1. Would you calculate the separation in nanometres between label points at residue 176 and residue 115, each defined as 7 Å from the Cα along the Cα-to-beta-carbon direction?
2. Work out how much length residue 34 to residue 168 would gain on full extension: take 0.36 nm times their residue separation and subtract the Cα-Cα distance, in nm to one decimal.
3. From the backbone phi of the range 32-45, what are the Karplus-calculated ³J(HN,Hα) couplings (6.51 cos²θ - 1.76 cosθ + 1.60, θ = phi - 60°) in whole Hz, Gly and Pro given as x?
4. Just to check I understand the Karplus step: with θ = phi - 60° and J = 6.51 cos²θ - 1.76 cosθ + 1.60, what whole-Hz values come out for the range 96-108, glycine and proline as x?
5. Give the residues of the range 50-68 whose amide nitrogen is closer than 14 Å to a point set 7 Å from the Cα of residue 80 in the direction of its Cβ.
6. Using Cα pairs closer than 8 Å and at least 6 residues apart in sequence, work out the relative contact order for the range 52-146, in percent.
7. Could you pull the accessible area for residue 98 with a 1.4 Å probe, rounded to 10 Å²?
8. Kindly provide the trypsin sites (Lys or Arg not before Pro) of the range 37-89 that DSSP labels as loop, not H, G, I, E or B, and whose Cβ sees at most 12 other Cβ atoms within 10 Å.
Amino acid sequence: GALVPLLPQVGPFWSIVGGARRPPALVGYPLPPRSNRAADFTPDQPYFKRDQMLMGAVRLDYDIAEDWRVTSLTSYADFDRRNRNERDGTTVFNNSFTNEGELKVFQQELRVSGEIRSGIQLIGGLTNEHDKSLQIDQSAFTTGTVVGAFNALVPGEPFLGIKGTTRSRYTSKAVSGNVEAKLTSSLTAHL
């Protein structure tokens, strides 16, 4: 079965919109006791939390000479999220929030390591990473929220909700290197 997300608590009402009043459905709504376990929610709403992650990694090492090695590191991660949350902490169908998203990450690293000469070690590598993400957030409001007061103050189409979608693609490439030289029995230099 699906997990249920954390539930919020209702707090004192205050307005950032001049002249807005407490929505009628919330007039006299009791505040919760001082306990982090006291929460209210709208019954018969499909709240859920479904997060899934698949990931894997492969490492291959190949000795190319007596003191030299090539290492290949490949990894992939796929994360999917589907959540619907209570937002107002009351039994009034007031505000709900749906959150969907996915993240896919592919990374490849190729490095060479070995001893240049006695006491001097070298590691050099190339890294390539591709990330792709999608995030969809949607808040749904009813007239039981401050949206009712907003709709009364602002003429025109009623304000019912907010939906935001973000898509991102990233590519990262890097070159790395490390040289370690043993200068004395108790002193080593790194570059």
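The values are calculated or read from the model by the stated rules, or taken from the named source; none is laboratory data. Predicted model, so just to flag it, every value in this text is computed and none were measured. In this analysis, Cβ positions are derived from the backbone assuming ideal geometry, glycine residues included, and neighbour counts consider all displayed protein chains. Remember, those area values only see protein heavy atoms, side chains included, never the ligands or the DNA or RNA. Shrake-Rupley method; radii C 1.70, N 1.55, O 1.52, S 1.80 Å.
1. Calculated label separation equals 2.4 nm.
2. Here the answer is 44.1 nm.
3. Whole-Hz 3J(HN,Hα) from phi for the range 32-45: x, x, 6, 8, 6, 9, 8, 8, 10, 8, 6, x, 6, 9.
4. Here the 3J(HN,Hα) series is 10, 9, 10, 10, 10, x, 8, 9, 10, 10, 10, 9, 10 Hz.
5. 50-55
6. With pairs under 8 Å counted, the relative contact order is 27 percent.
7. My reading of the accessible area for residue 98 is about 40 Å².
8. Answer by residue number: 37.
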